[in-house]
Amino acid sequence: MPKSPTPRVAIVHDWLVQPGGAELVLRELIALFPQAELYALIDRMPRAERDALGLGGKRTHTSFLQRAPGVARHYRSYLPLMPLAARSLDVSAYDIVITNSHAVAKGVRTRPGQLHVNYCLSPMRYAWDLREQYLREAGLDAGIKGFGARWLLERMRRWDHRRSADVTTFVTLSHFIAERIKRAYGRDAEVVYPPVDTEYFTPVGESPSGELHGGGFYLTTSRFVPYKRVDMIARAFAQLGDRELVLIGDGPDRAKVLAVGGPNVRFLGQQPRDVVRDHMRRARAFVFAAEEDFGIAPVEAMACGTPVIAYGKGGATETVRADDSPDATGMLYPEQTAESLAAAVRAFEARQTPISAAACRAQALKFRAELFGEGFGAIVAREWAAFAARA
């Protein structure tokens, strides 16, 4: 099939249910390729949230799972059917297929005459590195149910490995995940950091000395799910009774987090974006406990001029500058425990070299959205030129 002068592009996303980091990447991909057709296994995102993401009236081509009972709330229950659903999406009419995936979208069926560029948010966490953690947190690490869950995830892992061979070029969001891709698929991946909205997340001002303008409270914003370890943050501040912690977010671990939070922990629940920004601007520091693939929230906090205290593994090691220089933007603590975090807070307060809002802002600008567009767009253009030349 001859290639068209202007390549036809399809963008394939795992699912559209609620906004998150993957959807921020999707927004930039659509801005980069505005004429592209959008595909997803499921699109059940409310209109207001679609509009806030800038998806507006963009039509989504969906799979048979779109009509499955209860899929809007229980889409993860359909995991066993997702490989089949991904393969059912018909993208045969396009020259370039861009998949934005942390699950199954990369398994979409492509043909030899197509360029397939995958922005890999991560190999499927529950099928690869974090399988035992997910099973344990879901209560599926023992018994008959545990056996069935392991069997299913092993099948998913084998399927995922096979389908990785269909990808022409892997791009990913951090060197941390590039190493995971190498272990899982035996493939190299180029790193293009994901887009952070540094035009929205901005400081409100800085003192003449250059020290932080933040208030007296510490802040975290997160979904209350096990791997985010919000309960650990609450336990740490139970040991820091004279420091106030503000928690913004909600999720299935809500009761667990509420149970360990002391009188110095203030729960605000889910809040709109402007409230999150306001608290990021006024916080003494942003606290982070997850081992994230990248971690957009800490960079948003730095964009607001606020330092970060984060667990020293995963994407935070690439975004937070933790040293004693004037360009430092935060602290990294070595163990994912309440005690290690509490010690980091005390060390942060005892720093001899103050952390400036200007340094935090400058670091965050290294991850601004336009750099994502430039980097990813250049890779697609380069790969398409090479691909077309070989045809």
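The values are calculated or read from the model by the stated rules, or taken from the named source; none is laboratory data. Just so it is clear, the model here is predicted, and its values are computed rather than measured. Cβ placement follows ideal geometry from the backbone for every residue including glycine, while neighbour counts extend to all protein chains displayed.
Quick notes on this structure:
- Residues in segment 241-286 that are among the small types (G, A, S) and either more than 20 Å from the chain's Cα centre (by Cα) or over 19 Å from P298 (Cβ atoms) (or both): G241, A255, A259, G261, G262, G269, A283, A285.
- Segment 239-254, residues that are under 17 Å from R73 (Cα atoms) and either in contact with a helix residue (DSSP H, G or I) (Cβ under 7 Å, 6 or more places away or on another chain) or modelled with pLDDT of 95 or more (or both): D253
- Checked against (1) farther than 25 Å from V275 by Cβ; (2) in the same structural domain as R273 (by TED's automatic domain parsing); (3) surrounded by 17 or more Cβ atoms within 10 Å (Cβ to Cβ); (4) not aliphatic (A, V, I, L, M), F376 meets all criteria but (2).
- The residues of segment 82-123 include none that are under 17 Å from R158 (Cβ atoms), free of Cβ contacts under 8 Å to residues at least 40 places away in the same chain and in contact with a strand residue (DSSP E or B) (Cβ under 9 Å, 6 or more places away or on another chain).
- Residue ranges of strands (runs of 3 or more DSSP E) in segment 219-299 with at least 1 members free of Cβ contacts under 8 Å to residues at least 40 places away in the same chain: 244-248, 265-269
- Of all the listed residues (A290, A343), the sole one being farther than 21 Å from G249 by Cβ and of a type in the set (A, V, I, L, M, F, W, C) is A343.
- Residues in segment 300-333 that are β-branched (V, I, T) and either in a strand (DSSP E or B) or not assigned by TED's automatic domain parsing to the domain that holds A289 (or both): V308, I309.
- Matching option when the condition is β-branched (V, I, T) and modelled with pLDDT under 95, among V275, V257: V257
- Among the candidates R67, R50, the residue that is out of contact with any helix residue (DSSP H, G or I) (no Cβ under 9 Å at 6 or more places or on another chain), among the charged types (D, E, K, R) and crowded, with 18+ Cβ neighbours inside 10 Å is uniquely R50.
- Of the candidates L240, L258, the single residue that is hydrophobic (A, V, I, L, M, F, W, C), in contact with a strand residue (DSSP E or B) (Cβ under 8 Å, 6 or more places away or on another chain) and over 21 Å from L365 (Cβ atoms) is L258.
- Residues of segment 334-357 that turn out to be in a helix (DSSP H, G or I), surrounded by 15 or more Cβ atoms within 10 Å (Cβ to Cβ) and not β-branched (V, I, T), as a count: 8
- Selection from segment 73-96 of residues that are modelled with pLDDT under 90 and surrounded by fewer than 16 Cβ atoms within 10 Å (Cβ to Cβ): R73, H74, R76, S77, P80
- Checked against (1) in contact with a Leu (Cβ under 8 Å, 6 or more places away or on another chain); (2) closer than 23 Å to E383 by Cα, T110 passes all but condition (1).
- Flag if T60 is polar (S, T, N, Q), assigned by TED's automatic domain parsing to the domain that holds G20, touching a residue at least 40 places away in the same chain (Cβ under 8 Å) and farther than 22 Å from V171 by Cα: yes
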